[in-house]
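Novice: Just passing along the structure, written as structure tokens.
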Amino acid sequence: MRDELIRITQEELEAQKRFAREFHSLPGRPRTYHIVTYGCQMNAHDSEKLAGMLEDMGMTAAPAREEADFVLHNTCCIRDNAERKALGNVTWLKEIKKERPEMLIGVCGCMVQEPGMAEKILHQYPFVDLAFGTGNIHRLPELLYRAVDTRRRVVAVPEEQTVLAEGLPIRRESPFQSYVTIMYGCNNFCSYCIVPYVRGRERSRSADDILREVEGLQARGVQEIMLLGQNVNSYGNDMPGGVSFPELLRRVSRTGIPRIRFMTSHPKDLSDELIAEYAENPVLCRHLHLPVQSGSNAILSAMNRRYTREAYLEKVEKIRRAAPDVGLTTDLIVAFPGETDLDFEDTMDLVRQVGYDSAFTFIYSPRVNTRAAEMPGRIDPALATERIERLIALQEEMTQKRFAEMIGKRESVLVAGLSRRSENQLTGKCSRNISVNFPGDPALIGKIVPVRITGAGKTTLKGQIIEGE
Ligand code: SAH
Ligand code: SF4
Ligand code: F3S
């Protein structure tokens, strides 16, 4: 059964805005902030909202953590190493705080929402002044106000994340590329994954709210938007008579925004209608991230992914038929409990068969409360490392194959900035989401330019601008 969705009311948002205003004249208030962000695009976008609220409160961004009056860690807990990294960095600040006792340390995001974590922060991290979960980020003005006003620690983690907040201020990182959330949470409960526990059930934003946001971005000259959701294919399923994801894509395309991407699409719900969209909609970027996780049916079933290897490959086939220029990328987990050598070879074989542009590869990491954490058959870490190394080497080979096919082709590149390697080189992503480096005038930053692909590095392409087009 679905929890009742609580929309944040206008009054509540007004109340938060009042806290933000009154914060300006609060004695001894922090003046500068620094946000450290871990994890996925959802967190990156949440950080833009957190920054928006902090600026509304009269604070300005400090370039480095050590210098900031308020340091906020927006954490991730998808794997143990993500969590350890965040906690390690929080602990590191403890030393800085000894020298600057007025510094405030905050922790928020997915890790804080993990069962038992609020208590752990209260007792084991006494130098943390403020902690809140993913379910109440909109209350940052109030919570920070209370922490500063009372000089006491504030730990506020809601048990349920059933809220949906519209109208928060957003300080966007880039003037020409923007994230737009279309839905929050996840209902899939893949057996290894903690996201449904820390992000709550699926909540779709209304199509009107999304369109209004995109129209605003388009009017400001944004060139590319990325629609965000853990499983965008089930967009609208939680609203009676709701708009489907392909329909939403069509409507968003009509706003005049030049490029649309989305993340992430679950293979089990990838519809023919969405595949057809790739063939028909020129605004949709030529990239599909389709996480497969494993090539073995036994493992896919234990993961509760609800598709088979064959069903996945059939969908890949359909996409290739409908739109052969679409580049596929994926996520892969090795050493899931009980993964045999043969299961792993099935994954290798699938990677060879699909020929992804690139892949994110992970060693399985047990997460609290998830079903897989209770499963027998843990894989020896040395074997897990051996498997991931073989998988990475194979994917690198596949990437080189894909890159070689692209040499000589014309690609549209959204110029993101100067290349880190060389001063007179620009860098940007082509529609297929591969980085392309090429010589050019920095005045082109923020524009979409035609580029001829002339060569390939390990993870990026090289090119030359096509003049006079
Ligand atoms: N919603 C997205 C994935 C979000 S998490 C989807 O379903 O595709 C990003 C990736 O992290 C997952 O695709 C998976 O490959 C990996 N991941 C999630 N939980 C993990 C765990 N416990 N151990 C290792 N990798 C994990
Ligand atoms: Fe996690 Fe699965 Fe949901 Fe993705 S679809 S967030 S992997 S539970
Ligand atoms: Fe993203 Fe990590 Fe949370 S991957 S949804 S930030 S647990």
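The values are calculated or read from the model by the stated rules, or taken from the named source; none is laboratory data. The structure presented is a predicted model; accordingly, all values stated were derived computationally and were not measured. Quick reminder, even Gly has a Cβ in these numbers, built from the backbone with ideal geometry, and neighbours come from all protein chains shown. The area values use the complete protein model at the heavy-atom level, side chains included, leaving out ligands, DNA and RNA. Shrake-Rupley method; radii C 1.70, N 1.55, O 1.52, S 1.80 Å.
Novice: Identify, please: which residue in the range 268-286 is within 23 Å of Glu215 (Cα to Cα) and not in a helix (DSSP H, G or I) and is, among those, farthest from ligand 1 (Cβ to nearest atom)?
Specialist: Pro282
Novice: Scan (1) under 28 Å from Leu332 (Cα atoms); (2) charged (D, E, K, R); (3) surrounded by fewer than 21 Cβ atoms within 10 Å (Cβ to Cβ) for the single condition Arg203 breaks and write down its number.
Specialist: It is condition (3) that Arg203 fails.
Novice: Still on this structure: Looking at the range 364-382, is at least one residue modelled with pLDDT under 95, aliphatic (A, V, I, L, M) and in contact with an Asp or Glu (Cβ under 9 Å, 6 or more places away or on another chain)?
Specialist: Yes, the range 364-382 has at least one match.
Novice: Name the residue that is nearest to Val112 (Cα to Cα), counting only residues in the range 54-84 that are within 12 Å of ligand 3 (Cβ to nearest atom) and part of a helix (DSSP H, G or I).
Specialist: Here the answer is Glu83.
Novice: Now, a different point. Within the range 110-226, considering only strands (runs of 3 or more DSSP E) that don't extend past its boundaries, which have at least 2 residues that are closer than 30 Å to Arg306 by Cα and in the same structural domain as His266 (by TED's automatic domain parsing)?
Specialist: The qualifying strands (runs of 3 or more DSSP E) are 177-181.
Novice: Among helices (runs of 4 or more DSSP H) lying entirely in the range 287-395, which contain 1 or more residues that are under 30 Å from Ser271 (Cβ atoms), more than 13 Å from ligand 1 (Cβ to nearest atom) and of a type in the set (Gly, Ala, Ser)?
Specialist: Qualifying helices (runs of 4 or more DSSP H): 297-302, 309-322.
Novice: Moving to a separate point now. Please go through the range 248-267 and pick out each residue that is open to solvent by 10 Å² or more (accessible area, probe 1.4 Å), touching a helix residue (DSSP H, G or I) at 6+ places or on another chain (Cβ under 8 Å) and part of a helix (DSSP H, G or I).
Specialist: Arg250, Arg251
Novice: Let me ask you something else. Search the range 133-163 for residues being under 19 Å from Ile78 (Cβ atoms) and at pLDDT 90 or above, and hand back the single one that is surrounded by the fewest Cβ atoms within 10 Å (Cβ to Cβ).
Specialist: If we take residues in the range 133-163 being under 19 Å from Ile78 (Cβ atoms) and at pLDDT 90 or above, then Ile137 is surrounded by the fewest Cβ atoms within 10 Å (Cβ to Cβ).
Novice: Another question, if that's okay. Sort through Tyr307, Tyr312 and tell me the only one that's within 16 Å of ligand 2 (Cβ to nearest atom), out of contact with any strand residue (DSSP E or B) (no Cβ under 9 Å at 6 or more places or on another chain), over 25 Å from Cys110 (Cα atoms) and open to solvent by less than 20 Å² (accessible area, probe 1.4 Å). Walk me through it before giving the result.
Specialist: Working: Tyr307 fails: open to solvent by less than 20 Å² (accessible area, probe 1.4 Å).
Only one candidate passes the filter, namely Tyr312.
Novice: Between Arg261, Arg250, which is of a type in the set (D, E, K, R), more than 21 Å from Ile434 (Cα to Cα) and modelled with pLDDT of 95 or more?
Specialist: Result: Arg250 is the single residue among Arg261, Arg250 that is of a type in the set (D, E, K, R), more than 21 Å from Ile434 (Cα to Cα) and modelled with pLDDT of 95 or more.
Novice: Another question, then. Which pairs do you get when a residue that is free of Cβ contacts under 8 Å to residues at least 60 places away in the same chain and away from ligand 3 (no atom under 13 Å from the Cβ), found in the range 177-192, comes within reach of a residue that is assigned to a loop (DSSP other than H, G, I, E, B) and open to solvent by 10 Å² or more (accessible area, probe 1.4 Å), reach meaning Cβ atoms under 7 angstrom, with the pair 6+ apart or on two chains?
Specialist: If the second residue must be assigned to a loop (DSSP other than H, G, I, E, B) and open to solvent by 10 Å² or more (accessible area, probe 1.4 Å), the pairs left are Ser178/Arg172; Asn187/Arg201; Asn187/Glu202.
Novice: Just the residues that are within 28 Å of Leu290 (Cα to Cα) and open to solvent by 30 Å² or more (accessible area, probe 1.4 Å), please, taken from the range 397-426.
Specialist: Glu397, Gln400, Lys401, Arg402, Ala404, Glu405, Ile407, Gly408, Lys409, Arg410, Ser412, Ala416
Novice: Looking at this structure, is Cys76 out of contact with any Phe, Trp or Tyr (no Cβ under 8 Å at 6 or more places or on another chain), within 16 Å of ligand 2 (Cβ to nearest atom), in contact (Cβ under 8 Å) with a residue 24 or more places away in the chain and in the same structural domain as Glu14 (by TED's automatic domain parsing)?
Specialist: Answer is no for this residue.
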